[in-house]
Structures are given as C-alpha cells and as structure tokens.
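First comes the structure, then the notes that go with it.
No lab work stands behind these numbers, since they all come straight from the coordinates. Computed from a prediction, not measured in an experiment: that's the story for all the values here. We place every Cβ from the backbone using ideal geometry, glycine too, and count neighbours over all the protein chains shown.
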Amino acid sequence: MNRSPSIDSEALVARAQAGCRESFGLLVERHQKGLYNFLLQRVRSPQEAEDLTQDSFVRAWRRLATYRDRWRFSTWLYAVARSAAADRARERREFTQADPPEPSFDPDPAAGLCAREEGENLWRLARTLLNEDQRSALWLFYVEERSAAEIGKVLETSAIAVRVMLFRARRILAQHLEHDGTRAGAVAPPRSRMETLSP
Amino acid sequence: MKHDFDDIMRAQARRELREAPAGIAAAVRARLTDAPLERARPARTLPIALAAGLAAAALLAYAFWPRTPAVEPSLAGDPAAPSAPALAVELTHKGIQYASRIDRPLADEWRLIVQDSLQLCDALLGQLPNLPR
C-alpha cells in the first residue's frame, strides 16, 4: 500500500511544505487507512467517515505550514481530523436540531452478527455508551498505541485528562459488561492497566 | 480462564479495522489542485514590538524630559532670607523669651546658655538693651 516506505513521513512532510503535491499524495496513501478508521469511531456512517477523511486531508494540506515536527505527522493529522469532525458535528447540531436521532452506526451487519455470536463487542458497545472523545481516546490508545500525551495533542487536552478519560471509558464498559452478566467473571477490572499508562 | 480487558479491546479492535475506500487518495489529489497551500502565519511579533516601543519611549522620555532645577538653599543669594548673625540673634531672643516664661527658677546650666547667647549677640550686633537678663 505504501509506495515509498523508505521515505519517512517527516521527510515527505518537509517536501510537501515546500509545495510538493506528489509528496503530500504519498502521505495521503500512507495515512488514509489509519485516519479513516479513527474517524469511523467518531462518526455515524462510513460515508461520513470517508467524506471527513477527504476533508481532513485537504484541511491538513492547507494548514501544512503550521505543522511542527515536535509531534508525529499522524498525530497532527488526527488532530486536524478531530477538528474537522467537531466542526461538522457542530454544523449538524445547528441545522438539524429538530431531526430525530439517527440509529446507531453499524458498519458491517455481518460482522455484528458474528460479534453477537462470539459475545459482546466492546467497540460497538462503546459507540452507544461513550462520547466521541472517549471513543477516540480508546482507539488511539489500543489500536494506534499512542501515549497519553499524544492523545492529548489530538483531543486538545492534557495527558492527565486523557488518563482520566481512558479510566472512565474503560470503567463504563467494564461495569456494563458486569451488569449484563455477559462476561461476568471473565473480564479483568481495568484498574491495573491504568497504572501502566505511559504519559 | 480470566481474559484481560485490554486483550479483549485489542482483539476486537482488529476486527473493527476497515480498509480505506479506494477513492480517497484520488479524490484528495484532485482537490489539492484547487486548494492553495497556506503560508505560515507570521509570528505574533506585534505585542513584542509594541512592548519594546513603549519601553523605548519611556526611556527617551526619562532621558530628555525637561526637569525643573532643584532649589538649592542659599543664605546669601536670597535677599529676603535673614543673614546668619540676624538668625542667631532672633533665635537667641526667642530662647530667652521662652526661658523667661518658665515658672520655676531657671537651672544654672540654662542661665549659662542664656548668658553665652547674650554675649554672642553682643559680639555680633552690639548690646541688646531690651532683652531680659
């Protein structure tokens, strides 16, 4: 999938900052899957996630001059995407306040059926129980394996706030599982994991 | 067997991962042609320049502001001011007047001071006939 794996993202960013669209195109190919999946956790439909992925890349291109290599490019990109998603959600709230809430997002009905057969899927559960930032924090932590500081950069909050957010999100999920008894006694309490969070 | 919450989260996340739709990269490339690359915003130098300008203006004002010359005490220059001997006489006169108002008998030291003052006045200005002795 990556056409230029030997060139690291920072070098491509430097070229793109000089105006090279081809380098930015390579960055798009390199990061589109991660960004699309990150946005899938925030929005309500795959179509919206796809639109937002495109918008986020275009917005990132426009603002590329503001990127500094203090953070990884992907971290900055996720922050741009989160901002774009928040803007769209705000616009939707402003213009469709009277609309009834849409049904919860189920990207793949077949996968959902498998998940129900295997037991409760925590990520689907997260969509119904957690807010957008909590879901993003969980995704960045478990899937992208980002530190609390990097997640804080994306969510525009402190590392400590991220730790609290992760702790609460995991506790909500664990409590729900215990309450339903679907995995009673089968899921370890998440408290121990919080102690291993790197800042 | 107890499963770890984190292992479940990671394992289930792998099932949640999707491939990005095929058209994203091409669509973004097409939109980049219409999207100009914005230049970096200039650093916010205005507040710093303003503060530096104010400081420089204050320094210049302090250096070049016209000052009123300080009034120096001049005994000889001011014609209205009493001369040193006249002042000595006046003060001696007042001292003797204050001393004469004390009811109790004056102490010997006080008498000596008054006498010395009177002698000083005599030496400076001659006899002062109206002063109490």
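Order these by the 10 Å Cβ neighbour count, fewest first: B:Glu38, A:Glu94, A:Glu144. Walk me through the intermediate numbers first.
Numbers: B:Glu38 12, A:Glu94 8, A:Glu144 18.
Ordered from fewest to most neighbouring Cβ atoms within 10 Å, B:Glu38, A:Glu94, A:Glu144 come out as A:Glu94, B:Glu38, A:Glu144.
Which whole number gives the average, over all residues in A:56-68, of C-beta atoms from other chains lying within 10 Å of the residue C-beta?
On the way: counts 1, 8, 6, 1, 1, 7, 5, 4, 3, 5, 4, 1, 1.
For this peptide, the per-residue mean of nearby foreign Cβ atoms is 4.
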With R₀ set to 22 angstrom, the calculated FRET efficiency between the beta-carbons of A:Leu129 and B:Arg14, to the nearest 0.05, is 0.60
Inter-chain shielding metric for A:121-133, i.e. average beta-carbon neighbours from other chains within 10 angstrom, reads 2
So the FRET efficiency between A:Glu145 and A:Ala65, C-beta based with R0 = 25 Å and rounded to 0.05, is 0.30
Averaged over the residues of A:21-34, the number of partner chain Cβ atoms within 10 Å of each residue's own Cβ comes to 4
Total charge of the residues flanking A:Glu150 in space, meaning their Cβ is under 13 Å from its Cβ, with Lys and Arg +1 and Asp and Glu -1, is +3
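Based on other C-beta atoms within 10 Å, arrange A:Trp71, A:Trp139 from fewest to most. Before the final figure, lay out the partial values.
Working: A:Trp71 16, A:Trp139 25.
Fewest to most other Cβ atoms nearby, the residues stand as A:Trp71, A:Trp139.
Can you give the local net charge around B:Asp34? Use residues other than it whose beta-carbon is closer than 14 angstrom to its beta-carbon, Lys and Arg +1, Asp and Glu -1. Walk me through the numbers on the way to the answer.
Working: positive: A:Arg21, A:Arg59, A:Arg62, B:Arg29, B:Arg31; negative: A:Asp55, B:Glu38.
So the environment of B:Asp34 carries a net charge of +3.
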A correct Karplus calculation of ³J(HN,Hα) over segment A:81-86, with 6.51 cos²θ - 1.76 cosθ + 1.60, θ = phi - 60°, whole Hz and x for Gly and Pro, returns 5, 5, 5, 5, 5, 5
